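A quick write-up on the structure given underneath.
The values are calculated or read from the model by the stated rules, or taken from the named source; none is laboratory data. Bear in mind that the values here come from a model prediction, so they are computed numbers and not experimental data. So basically every Cβ, Gly included, is an ideal-geometry build from the backbone, and we count neighbours across all protein chains shown.
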Amino acid sequence: MAEHSLNAEPTHSLWNRALKPRLRVASGDTVHMECVDSSGAQVHPAMTLAEYLKIDRSRIHALTGPIHVDGAEPGDILQVDVLEVAHKGWGWTSVVPGLGFLKQRFSEPFFFVWKMEGEFSKSIPPAVVPLRPFCGVMGVAPGEDGEFRTRPPGIFGGNMDVRELCTGATLYLPVLNRGALFSAGDAHGAQGDGEVCINGIECPADVTVRFQVHKQRALPGPLVETPAGRKHESAGGEWIVVESSNDAAGAARAATSRMIDLLAERWGLDPVHAYLLCSVAMNLRFSQVVNEPMFTVSAAISKQILPARKLF
């Protein structure tokens with residue numbers, strides 16, 4: 001199994017399955033990816049608010065990729081093991097007029113730089129913010145021709161802002177094009193569920209992932225597996241189904257229904273028993289509420305209540 005390195009430039013800020021792959025790898029290979037911050041390296045720690053307001057927003061997300069995974073074909077599953085996401089000591093968060101969950105209340109622009117020290121930031125005293133770096137955008141190229149902004153997520157993954165996709169997590173995605181054409185970026189040093197002001201701690205990061213292709217295994221949308229460990233809210237790890245929709249309640253219903261299907265197919269539960277189990281043990285979370293018009297909902301169930309399984 002080979003190891004590869006991929007620098008950030010040239011980044012891309014549009015999904016397009018016609019983009020030429022910047023790297024070709026085999027199933028089982030590891031890639032060390034350089035990711036600039038979501039502004040495309042326009043933001044720097046000494047930047048002023050006036051300078052920030054002049055950045056080119058067409059470059060937002062600035063993804064590293066695409067990566068062609070040999071053997072991946074439509075109808076397969078791409079497994080992405082997140083081996084490490086490491087921040088580089090600083091990041092930023094902003095308020096942008098017209099954006100964010102409370103845009104009517106917070107209508108004035110604001111720009112803030114964070115200093116990140118190891119596993120914590122003390123930049124807003126007296127708060128001590130635990131850091132858990134992850135990529136807000138991880139996805140494969142959509143299955144349709146054309147160019148698409150990276151802001152809306154979808155069945156291909158993309159701008160999901162699922163904060164559980166940190167070091168040690170695994171992301172499963174449906175393959176929609178030959179080679180899968182995987183890209184990642186929009187790293188966050190930390191983020192709350194919802195990402196309510198429009199940003200997490202936006203930061204450059206070094207990201208290491210490993211790919212595996214599972215042949216002819218249907219998957220209707222992104223699925224996340226987290227391991228046991230103190231950096232995860234569920235000590236034993238979780239299975240997380242991710243759904244995005246213009247309708248928040250619809251996304252929550254779709255995520256719940258997919259979790260019921262997962263429990264029935266992989267653990268043999270009767271669907272009505274799975275429904276009951278979801279009612280007493282599943283957590284529904286807003287992963288993001290600011291990528292209008294799309295909302296992303298995660299349905300999570302602890303591994304501790306289920307027999308251990310490898311799904312694919």
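Which of the residues spanning the stretch 272-312 are of a type in the set (Phe, Trp, Tyr) and without any contact (Cβ under 8 Å) to a residue 40 or more places away in the chain?
Tyr275
Checking the structure you have, find out if any residue of the stretch 259-267 is of a type in the set (Lys, Arg), in contact with a Ser or Thr (Cβ under 7 Å, 6 or more places away or on another chain) and at negative phi.
Within the stretch 259-267 (the criterion being of a type in the set (Lys, Arg), in contact with a Ser or Thr (Cβ under 7 Å, 6 or more places away or on another chain) and at negative phi), the answer is no, since none of the residues qualifies.
Need the failing condition index for Ala72 against (1) crowded, with 20+ Cβ neighbours inside 10 Å; (2) more than 19 Å from the chain's Cα centre (by Cα); (3) in a strand (DSSP E or B), just the number.
Failing condition for Ala72: (3).
For the stretch 280-312, give me each residue that is within 30 Å of Gly100 (Cα to Cα) and either among the aliphatic types (A, V, I, L, M) or over 24 Å from the mean Cα position of the chain (by Cα) (or both).
Once the filter is applied, which keeps residues that are within 30 Å of Gly100 (Cα to Cα) and either among the aliphatic types (A, V, I, L, M) or over 24 Å from the mean Cα position of the chain (by Cα) (or both), the stretch 280-312 yields Met282, Leu284, Val289, Val290, Met294, Val297, Ala299, Ala300, Ile301.
How about the stretch 83-195: which strands (runs of 3 or more DSSP E) wholly inside it have at least 3 residues that are touching a residue at least 60 places away in the same chain (Cβ under 8 Å), buried (at least 16 other Cβ atoms within 10 Å of the Cβ) and small (Gly, Ala, Ser)?
Counting at least 3 such residues, we get 180-188.
Is it true that some residue in the stretch 300-310 is aliphatic (A, V, I, L, M), over 17 Å from Val82 (Cβ atoms), part of a strand (DSSP E or B) and touching an Asp or Glu at 6+ places or on another chain (Cβ under 9 Å)?
yes
From Thr64, Thr150, Thr167, which residue is hydroxyl-bearing (Ser, Thr, Tyr) and in contact with a Gly (Cβ under 6 Å, 6 or more places away or on another chain)?
The match here is Thr64.
When you look at Thr208, is it surrounded by fewer than 18 Cβ atoms within 10 Å (Cβ to Cβ) and modelled with pLDDT of 95 or more, yes or no?
Answer is yes for this residue.
From (1) touching a residue at least 24 places away in the same chain (Cβ under 8 Å); (2) touching a strand residue (DSSP E or B) at 6+ places or on another chain (Cβ under 7 Å), pick out the condition that doesn't hold for Pro74.
Among (1) touching a residue at least 24 places away in the same chain (Cβ under 8 Å); (2) touching a strand residue (DSSP E or B) at 6+ places or on another chain (Cβ under 7 Å), the lone unmet condition for Pro74 is (2).
If you go through the stretch 277-297 one residue at a time, do you hit one that is modelled with pLDDT under 95, surrounded by fewer than 18 Cβ atoms within 10 Å (Cβ to Cβ) and out of contact with any Cys (no Cβ under 8 Å at 6 or more places or on another chain)?
yes
Could you list, in sequence order, all residues of the stretch 115-156 that are of a type in the set (D, E, K, R), more than 15 Å from the chain's Cα centre (by Cα) and closer than 25 Å to Arg210 by Cβ?
Correct list: Glu119 only.
Step by step: first the residues of the stretch 213-246, then only those that are at pLDDT 95 or above and surrounded by fewer than 19 Cβ atoms within 10 Å (Cβ to Cβ), then the one that is farthest from Pro97 (Cα to Cα). Which residue is that?
Ranking the candidates gives Lys215 first.
Output the number of residues of the stretch 205-222 satisfying the condition of being under 18 Å from Leu176 (Cβ atoms) and among the basic types (Lys, Arg).
So the count comes out to 2.
Would you check if there is a residue in the stretch 58-66 being of a type outside the set (D, E, K, R), over 17 Å from Leu14 (Cβ atoms) and outside any helix (DSSP H, G or I)?
No, the stretch 58-66 contains no residue that is of a type outside the set (D, E, K, R), over 17 Å from Leu14 (Cβ atoms) and outside any helix (DSSP H, G or I).
Can you find a residue in the stretch 10-21 that is in a strand (DSSP E or B), in contact with an Asp or Glu (Cβ under 9 Å, 6 or more places away or on another chain) and basic (Lys, Arg)?
no
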